[in-house]
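Only one structure is covered here, and it is reproduced in the block below.
Taken together, the values in this text are just the output of simple stated rules run on the coordinates, not laboratory data. Note that the structure is predicted; figures quoted are calculated from it, not measured. Please note: Cβ atoms are built from the backbone with ideal geometry, for glycine as well, and neighbour counts cover all protein chains shown.
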Amino acid sequence: PPGDALVAAVRGTDLAPGTRVWVAGEAAAVQRIRRHLFEDQGLPRAQVSVRGYWKQGRSGDADDDT
């Protein structure tokens, strides 16, 4: 799946109490990171900003299809 190395890096990071996290990237990878931060790390939503900006294999620009 997309972002395996990034997801592994995030999972291997120890987060200090009060850490704020901002994540942006490929949607499937970001979803896995979001799940880890909330479920495994127990971070409150107020400390996390997560945005999936694109999906692997899909283009948001019609010009990319020509």
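Between amide H atoms placed 1.01 Å from N, distances below 5 Å from VAL21 occur with VAL48, SER49, all of them 5 or more places distant or on a separate chain.
For the chain, the dipole from Cβ point charges (+1 on Lys and Arg, -1 on Asp and Glu) about the Cα centre works out to 380 debye, to the nearest 20.
Summing charges over neighbours of LEU6, with a neighbour being any other residue whose Cβ is under 12 Å away from its Cβ, gives 0 when K and R count +1 and D and E count -1. Candidates ALA28, PHE38, PRO1 compared by Cα position along the dipole of the chain: farthest toward the positive end lies PHE38, with charges placed on Cβ.
If exposed means no more than 15 neighbouring beta carbons inside 10 Å and the site is in a DSSP loop, what's the longest run of the chain without any exposed trypsin sites (Lys or Arg not before Pro)?
Working: sites that count: ARG20, LYS55, ARG58.
No qualifying site falls inside 21-54, the longest such stretch.
For the stretch 10-20, backbone phi angles converted through the Karplus equation (6.51, -1.76, 1.60; θ = phi - 60°) give residue-by-residue couplings of 5, 4, x, 9, 8, 9, 6, x, x, 4, 9 Hz, Gly and Pro being listed as x. Using alpha-carbon pairs under 8 Å, 6+ residues apart, how would you state the relative contact order of the stretch 5-64 in percent? Across the stretch 5-64, relative contact order equals 39 percent.
Entry for the chain at q = 0.26 Å⁻¹: log10 I(q)/I(0) = -1.15, Debye formula applied to identical alpha-carbon scatterers, no solvent contribution.
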